[in-house]
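So the structure is just underneath, and the comments pick up after that.
Every read-out reported here was derived from the displayed coordinates using simple, explicitly stated rules and does not represent laboratory data. This one's a predicted model, so the numbers in the text were calculated from it and none came from an experiment. Reconstructed Cβ throughout: ideal geometry from the backbone, glycine too, with neighbour counts over all protein chains shown.
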Amino acid sequence: MDKIIQVADRRFSLLLPAAEIQERVAALGQQLSAELADKDPLFIIVLNGAFMFASDLLKHISIPATLSFIRLVSYQGTASTGQVTVATGLQEDIRGRHIVLLEDIIDTGTTLHYFLPELWKQEPASVRVAACFIKPDALLFADAKADYSCMALPEKFVVGYGMDYQGYGRNYPDLYEVLPE
Ligand code: 5GP
Ligand code: MG
């Protein structure tokens, strides 16, 4: 893999190689399979960013489970806007279900702070949040903490492993952090 990549008009440097991410994602899949064995969980994948994490994680889920997709939008360029829009909502009835929300990364927590109460209105039995990455120093809302995560990151903008800069860079299997301009 390249140590430095160019994505749109910015340069990024390697932060986490794919092999390391895969190891942690596999371990989380095994942990969730053990903990949710009798729960018939519904995995809700938050698009677009979580598609790669979800695809890898779900291969390590070895218990009966269903999945669904939603799209939430809060980011513009390299900063959170503080406004959350549900671009594509849930189609199924989640009443009484055990939900695992799959997120690529929790940054300020704004997205989940607004979305989790919306989810609870539909009366699921439980909601767990599994985020591939978290930025603990950036978190602004205590109710937006991940129940599970693969790795904590410094407060830097990252691309790769599903995450984009200006729509580009989602396809890299490795994670990169932005370099100063
Ligand atoms: P939050 O609402 O927690 O501030 O951010 C939530 C969403 O913003 C994440 O699910 C992710 O899609 C996006 N996001 C947060 N941090 C980053 C980052 O460092 N890089 C990219 N590409 N997206 C991010
Ligand atoms: Mg996201």
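Suppose each label sits 7 Å from its Cα in the direction of the beta carbon; what would the GLN122-ASP137 distance come out to in nanometres?
3.6 nm
Tell me the relative contact order for the chain as a rounded percent, counting alpha carbon contacts under 8 Å between residues six or more apart.
For the chain, the relative contact order is 26 percent.
Which residues in the range 134-162 place their backbone N less than 17 Å from a point set 7 Å from the Cα of ALA18 along the Cα-to-Cβ direction?
Flagged as within label range: 159-162.
What trypsin sites (Lys or Arg not before Pro) does the range 9-67 have in DSSP loop regions with at most 12 other beta carbons within 10 Å?
Within the range 9-67, the qualifying trypsin sites (Lys or Arg not before Pro) (loop, at most 12 other Cβ atoms within 10 Å) are LYS59.
Can you tell me the 0 to 90 degree angle between the C-alpha axis of helix 110-120 and the longest principal axis of the chain, rounded to 10?
The angle comes out near 10 degrees.
Using only the alpha carbon atoms of the range 86-131, find the Kirkwood hydrodynamic radius as the inverse mean reciprocal pair distance, in angstroms to one decimal.
Every distinct Cα pair counted, the radius reaches 11.3 Å.
Work out the P(r) tail for the range 1-145: percent of alpha carbon pairs separated by more than 20 Å, whole number.
52 percent
How big is the charge dipole of the range 1-102 about its Cα centre, in debye rounded to the nearest 20, if each Lys and Arg gets +1 on its Cβ and each Asp and Glu gets -1 on its Cβ?
260 debye
Give me the dipole magnitude in Debye, nearest 20, for the range 72-181 about the Cα centre, with unit charges on the beta carbon: positive for Lys and Arg, negative for Asp and Glu.
240 debye
State the extension gain, in nm to one decimal, for the chain segment bounded by THR66 and GLU177, taking 0.36 nm per residue of separation less the distance between their alpha-carbons.
Answer, rounded to one decimal: 36.7 nm.
Cα axis of helix 18-35 to longest principal axis of the chain: angle in degrees, 0 to 90, nearest 10?
The angle comes out at about 10 degrees.
Which trypsin sites (Lys or Arg not before Pro) in the range 87-152 sit in a loop by DSSP (not H, G, I, E or B) and have at most 13 other Cβ atoms within 10 Å of their own Cβ?
Here the sparse-neighbourhood loop sites are ARG95, LYS121.
Of all the Cα-Cα pairs you can form in the range 1-71, what percent are over 18 Å apart?
Distances greater than 18 Å cover 51 percent of the Cα pairs.
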